[in-house]
1. Residues 108, 171, 76: which one is under 25 Å from residue 249 (Cβ atoms), of a type outside the set (Ser, Thr, Tyr) and crowded, with 17+ Cβ neighbours inside 10 Å?
2. Might you let me know whether region 22-32 holds any residue that is buried (at least 19 other Cβ atoms within 10 Å of the Cβ) and not assigned by TED's automatic domain parsing to the domain that holds residue 150?
3. If residue 105 meets every condition in (1) touching a helix residue (DSSP H, G or I) at 6+ places or on another chain (Cβ under 8 Å); (2) in a loop (DSSP other than H, G, I, E, B); (3) touching a residue at least 40 places away in the same chain (Cβ under 8 Å) apart from one, which number is that one?
4. How about region 33-48: which of its residues are farther than 15 Å from residue 93 by Cβ, surrounded by 14 or more Cβ atoms within 10 Å (Cβ to Cβ) and in contact with a strand residue (DSSP E or B) (Cβ under 6 Å, 6 or more places away or on another chain)?
5. Just to be sure before I move on: is residue 280 assigned by TED's automatic domain parsing to the domain that holds residue 230, within 21 Å of residue 215 (Cβ to Cβ) and surrounded by 14 or more Cβ atoms within 10 Å (Cβ to Cβ) in the structure I sent?
6. Could you run through region 71-118 and say how many residues are over 19 Å from residue 430 (Cα atoms) and under 19 Å from the mean Cα position of the chain (by Cα)?
7. Only one of 263, 269, 311 is in a helix (DSSP H, G or I) and touching a helix residue (DSSP H, G or I) at 6+ places or on another chain (Cβ under 6 Å). Can you tell me which?
8. When you scan region 119-135, do you find a residue that is closer than 19 Å to residue 425 by Cβ and not in a loop (DSSP other than H, G, I, E, B), even just one?
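The values are calculated or read from the model by the stated rules, or taken from the named source; none is laboratory data. Predicted model, so just to flag it, every value in this text is computed and none were measured. All Cβ positions, glycine included, derive from the backbone under ideal geometry; neighbour counts span all protein chains shown.
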Amino acid sequence: MVNTASDKVIKLKEQIKPHLFAEFSDRYKSEPRGLFTCKEGIVLVPETTFDVAEILVQCNILQMPVIPFGGGTGLVGGQIYTGSEYPAVVSLHHMNRIREVSPLDQTVTVEAGCILQDIHEEVEQYDHIFPLSIASKGSCQIGGNLATNAGGVHVMRYGNTRDLCLGVEVVLPDGTIMNNLNKLHKDNLGLDLKNLLIGSEGTLGIITAATMKIFPKPMEETTALLSVSDLETALELLIFFKKHFGNLISAFELISATGFEFVQETGLVTRLPFKVIPRWAVLVDLGSEFYMDLNERLGEVAGLAVERELVLDGVIAHSEQQRMEFWAIRELIPEANRLVGAIVSNDISLPISKLPTFVARAESALAQIGHFRTNCFGHIGDGNLHFNVFALRHSDLSITKELRDHIRETILNIVNDLEGSTSAEHGTGRLKVEEIPKYRSQAFVGTIEKIKQTLDPNNIMNPGVLIPPQD
């Protein structure tokens, strides 16, 4: 009978090849924000899908918690075990092969440990793009992107990770390998298990490989930073641009004055394109697979927007370097937030029409609690905002857990009241698991529990994630 943690580790080491074990180093002990920590565990680094299957078979027999680990960049604690047992952390960084690129099928088949930026660079050699792009692209892994159904800046045109995936290879909790790496753009034979596994955050199995969509590289791309008077006008401008450019819009990003100020005061950006920082600005990105003088066309449409008082001021990139400078401002905002130090960070989504209402209500509610700075930015083209709360400069405010919880609950209740979601693109993880029974129906929660019980009756896969705690 195997009872203690040490007994389980000894038994596991007897059954698993020695070279698959690695040091339980600091990267496995904490996540980027330091909100969740794990003092001890065992790390396994499989090299093949069969290695993963062997690991899960033995962990299932031993009823040992299994924590899938990708790039470690997740922001909701899904990669860090906080329970009392001794976990087996399965790190997939050795499974980093790009198995095939097929321009004709417009697919790339990759293993779960592939770094997102490496996939970008590989498909670019075939004159294609893989459009998923997030700030951590240099270190995050596609397996983690699939596990959390990551979004990013190009959701408006290409969709979330789930929309970009055609098939997955997954190892289920009992070690069964389910290979469905097809390249089919249409497949209605049976249930769509792929989309059940994507976004399940390692609670139903470990995705070991995936077939992803790729797209022809745009012949033209152009970007503009345009200042607007308020959020209502920003949404009018979004509709205006949709009428003129349709699906040529790759991104429509919101940046507040606080965002500009943060990247400047932290030294991440030394020069801004505006002489006077605007209260609100949008970053518009366009791309076309054929030549159409897109830059000139953007200038014409932006001029019309100025005439209609939808735009106050703006600048259009006239070189690739300038485009990258514009994008750097947007992509460095999360790092600036980290350096400044947020009291509360929120990754939320709302019906696009309700974004101005949310910001107004949230700002008003915060003012009743105290004096704060907010940095509101994100992907307003798909309704995803990052609404982060900070202390005032040189503030002597006592930042307690009670204050954080009060602010967070206040904001999330407004989100729920406006029919939004308290998790847009970062997942649920351990940080938000208690929000599921609070903001979802009993039927929703019960269905999740039934699926979990069916696929993982021993509850070894990432326990504490997605499944709300029992009373």
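1. Of the residues listed, the single one that is under 25 Å from residue 249 (Cβ atoms), of a type outside the set (Ser, Thr, Tyr) and crowded, with 17+ Cβ neighbours inside 10 Å is 108.
2. Yes, that holds for at least one residue.
3. Just one mismatch for residue 105, condition (1).
4. 41, 42, listed by residue number.
5. no
6. Total satisfying the criteria: 11.
7. Just a single option satisfies the conditions, and that option is 263.
8. Yes, there is a match, as at least one residue in region 119-135 is closer than 19 Å to residue 425 by Cβ and not in a loop (DSSP other than H, G, I, E, B).
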